[in-house]
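Asker: One structure, as structure tokens, below. Some questions next.
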Amino acid sequence: MGRRGGPGRRGYPAELRRRAVDLLAAGRTAADLARDLGISEQAIYGWRRQERIDQGVEAGLSTLERAELAAAKRRIRELEAELAVHRRAAELLKEQADPKGGSPPSR
């Protein structure tokens, strides 16, 4: 079983991750699971670690905190892009209002 592709979709399905972590907790080895499921051992260890973080057993960002952080970073990127557009528009308006080499403004 391989990774799922497509925009906005990364990694493996949640059900596969849950099943792998449950089987690991039941005594299966990561090497056996990796071979049977067609995934890397490192992925399984990462899922187990995240599960322990979500349960409060291990320190780190929970799944919810990771999602919130990703959303905040995405929003910051959007706002920075919007700000860049506004700054460029202000520069263009300033150039139009104050042409270089023109006569001094009349009073």
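The values are calculated or read from the model by the stated rules, or taken from the named source; none is laboratory data. All values reported here derive from a predicted model rather than from experimental measurement. Every residue, glycine among them, receives a Cβ derived from its backbone with ideal geometry; neighbour counts consider all protein chains shown. Note: accessible area is taken over every heavy atom of the protein model, side chains too, but ligands, DNA and RNA are not part of it. Shrake-Rupley method; radii C 1.70, N 1.55, O 1.52, S 1.80 Å.
Asker: Please report the accessible area of GLU41 (heavy atoms, 1.4 Å probe, ligands and nucleic acids excluded) in Å², nearest 10.
Answerer: 80 Å²
Asker: Right, something else. In the full protein assembly as shown, how much of TYR12 is accessible to a 1.4 Å probe, in Å² to the nearest 10?
Answerer: Rounded to the nearest 10, that gives 30 Å².
Asker: How about the stretch 23-103: which trypsin sites (Lys or Arg not before Pro) there lie in a loop by DSSP and see at most 12 other Cβ atoms within 10 Å? The partial results should precede the final answer.
Answerer: Working: sites: ARG28, ARG35, ARG48, ARG49, ARG52, ARG66, LYS73, ARG74, ARG75, ARG77, ARG87, ARG88, LYS94, LYS100; in loops: ARG28, LYS100.
Filter output for the stretch 23-103: LYS100.
Asker: Continuing with this model, one more query. Using the Kirkwood formula over every pair of different C-alpha atoms, what hydrodynamic radius in Å results for the stretch 39-102? Show your work: numbers first, answer last.
Answerer: Values: mean 1/r = 0.0635 Å⁻¹.
About 15.7 Å for the stretch 39-102.
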